[in-house]
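K.L.:
Here's a structure for you.
Each value in this text was obtained by applying a stated rule to the coordinates, not by laboratory testing. Just so it is clear, the model here is predicted, and its values are computed rather than measured. Note that each Cβ is placed from the backbone with ideal geometry, even for glycine, and that neighbours are counted across all protein chains shown.
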Amino acid sequence: MKKTIQKRLALIVELRNYAEQMKNGSVFATDFKVMHLLNEAVIQMQEMLAENLELQEQLKSEKTFKKSGKE
């Protein structure tokens, strides 16, 4: 999990650097590297959302289990 988070953070930093270069005019907006990084970022965001949904479901299940155990 730590490795996944580090990978995602590195991707965000790389995207930020490219965005800064684009602002300075040294990179074209149609640069294939930027498009690849954006696609990778979208994939990572989708995975994070899926993980969050799964964790929310687990949390709901645990809360329900604890409530039924108290009754």
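K.L.:
Which aspartates and glutamates, on any chain, are close to Lys67 with Cα under 16 Å apart, when same-chain ones fewer than 8 places away are left out?
P.N.:
Glu57
K.L.:
Compute the length gained on full extension between Lys7 and Ser61: take 0.36 nm times their separation in residues and subtract their Cα-Cα distance, giving the result in nm to one decimal.
P.N.:
On the way: separation 54, 0.36 × 54 = 19.44 nm, distance 2.98 nm.
That pair, Lys7 and Ser61, stretches by 16.5 nm at full extension.
K.L.:
Can you give the net charge of the other residues whose Cβ lies under 12 Å from the Cβ of Glu54, counting K and R as +1 and D and E as -1? Please list the in-between numbers first.
P.N.:
Numbers: positive: Lys60; negative: Glu47, Glu51, Glu57.
Counting the neighbours of Glu54, the net charge comes to -2.
K.L.:
Tell me the mean residue ellipticity at 222 nm calculated for the chain from its helices only (DSSP H runs of n ≥ 4, each -39500 (n - 2.57), averaged over every residue, nearest 500).
P.N.:
Taken over the chain, the calculation gives -31000 deg cm²/dmol.
K.L.:
For the chain, modelled as a Gaussian network with Cα springs under 10 Å, which listed residue fluctuates most, Leu53, Leu15, Leu37?
P.N.:
Evaluated over the chain, the most mobile residue of the options is Leu53.
K.L.:
Next question. How large is ³J(HN,Hα) for each residue in segment 55-68, as worked out from phi by the Karplus curve 6.51 cos²θ - 1.76 cosθ + 1.60 (θ = phi - 60°), to whole Hz, x for Gly and Pro?
P.N.:
Working through the residues one at a time gives 5, 4, 5, 4, 5, 4, 4, 5, 5, 4, 4, 5, 5, 5 Hz.
K.L.:
Give me the compactness ratio for segment 2-70, meaning the Cα radius of gyration over 2.2 N^0.38 Å.
P.N.:
In units of the 2.2 N^0.38 Å rule of thumb, it is 1.70.
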